[in-house]
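I have placed the structure first, in the form of structure tokens, so that the comments after it can refer back to it.
The values are calculated or read from the model by the stated rules, or taken from the named source; none is laboratory data. Being a predicted model, the structure only gives us computed values, none of them experimental. Accessible surface areas use protein heavy atoms only, side chains included; no ligands, DNA or RNA. Shrake-Rupley method; radii C 1.70, N 1.55, O 1.52, S 1.80 Å.
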Amino acid sequence: VDMVHTRLELAAVEVEEESQRMLGYLLFGLLSLILFGVAFLLLAFLVIVLFWDAHRVAAVGGMAALFAAAGAIIALRVKAGFDSKPRLLQNTIEELRKDIAYVRSARDIDE
């Protein structure tokens, strides 16, 4: 019973840590998106204004391509971050496996 209680406490701690980590990712991700969005829009306007008389279509197309490339890179980095995070309750599952193996070995010894 004490082992189960300890494992449940470990699971609760892992869930809490994961929720705090995800909230941090969300908040900093949103802040980053807002700041980069404003910076990219201002840069796009600057480039379009500079090339308005001679190459306005090329300037707008170039800025659109830059935005698309930046969006793709950011999306790939976010996906890589999610792929590399540890599984939820991984430590708890490992400890439960050890407990099961211990109980089985103790049972085999008793028999």
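How high is the relative contact order of the chain? Use alpha-carbon pairs under 8 Å, at least six apart in sequence, and give a whole percent.
Details: 24 pairs, mean separation 52.8, N = 111.
This gives 48 percent for the chain.
For volume of the Cα convex hull per residue in Å³, the listed values are (1) 161; (2) 96; (3) 74; which was obtained by calculation from the structure presented?
Read-out taken from this structure: (3).
So with the 1.4 Å probe, I'd like the accessible area per residue for the chain, rounded to whole Å².
Working: 9040 Å² over 111 residues.
Per residue, the chain has an accessible area of 81 Å².
Once each part is reduced to its C-alpha centroid, what is the distance from region 79-107 to region 18-32 in angstrom?
25 Å
Can you pull the percent of region 25-111's accessible area that's carbon plus sulfur, 1.4 Å probe, other chains left in place? Don't skip to the answer; put the middle values down first.
Values: 5210 of 7200 Å².
Answer for region 25-111 is 72 percent, counting heavy atoms of protein chains only.
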